[in-house]
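Everything on this sheet refers to the single structure shown next.
Just so you know, all these numbers are worked out from the coordinates, no wet-lab data involved. In this text, all values refer to a predicted model and were calculated from it rather than measured experimentally. Heads up, the Cβs are rebuilt from the backbone with ideal geometry, glycines too, and the neighbour counts pull from every protein chain shown.
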Amino acid sequence: MSLKTIKTTLETFLNTNVTTKVIKWNNTASYTLNSVGQTQPEIDALNVFIEPRIIPITQDRELMSTSTPRKFEVFFQIDIYTKRGTGTGEIYTTIELLDAVFVEEIVTGVVVETSKTLPSFEDGDWIITPVRYLAYVWG
């Protein structure tokens with residue numbers, strides 16, 4: 001298994017299991033809700049959306065005697081974007097939703113362990129709150 005496979009597996013799982021939040025796909029202009037593309041007026045009206053990304057950590061060789069000696073470890077980071085001035089309630093609701101979907105799950109061989117919410121920061125009209133999920137697979 002590779003980093004690209006982990007990315008595809010976790011993004012597909014996110015898309016399937018988070019159907020109430022708009023997802024902006026990283027490094028694209030594509031926004032979807034429940035797998036349906038959003039129009040520009042819908043995007044302009046958003047007060048909250050999420051954006052997933054993979055942050056590679058290690059690709060270590062663990063045990064020489066196993067049939068799958070490499071461990072690929074990543075952070076699956078989901079940035080929660082909330083419009084400035086709309087309050088923090090939606091941030092916490094979204095974190096709870098994402099934790100319920102990912103924490104301590106095994107998704108097609110990808111193990112997702114823990115989550116960590118990083119400090120929020122501002123970018124233009126948006127407050128961005130990153131949530132990181134430690135995930136790994138043997139491959």
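Miscellaneous remarks
- The chain, relative contact order in percent, only Cα pairs under 8 angstrom and at least six apart counted: 25
- Net charge of neighbours whose Cβ lies under 13 Å from the Cβ of Glu105, counting Lys and Arg as +1 and Asp and Glu as -1: -3
- Equivalent ellipsoid semi-axes - Cα gyration tensor, the chain, angstrom: 30, 15, 13
- The packing ranking of peptides 4-12, 126-134, 19-27, 85-93, highest mean first, is 126-134, 4-12, 19-27, 85-93, where packing means the average number of other beta carbon atoms within 10 angstrom of each residue.
- Dipole of the chain [Lys/Arg +1, Asp/Glu -1 at C-beta], most positive-end residue of Gly139, Val107, Pro41: Gly139
- Calculated FRET efficiency, Lys116 to Ile43, Cβ-Cβ distance, R0 = 35 Å: about 0.75 to the nearest 0.05.
- Taking every DSSP helix (H) stretch of at least 4 residues in the chain, weighting each as -39,500 (n - 2.57) and dividing the sum by the residue count yields a mean residue ellipticity at 222 nm of -7500 deg cm²/dmol.
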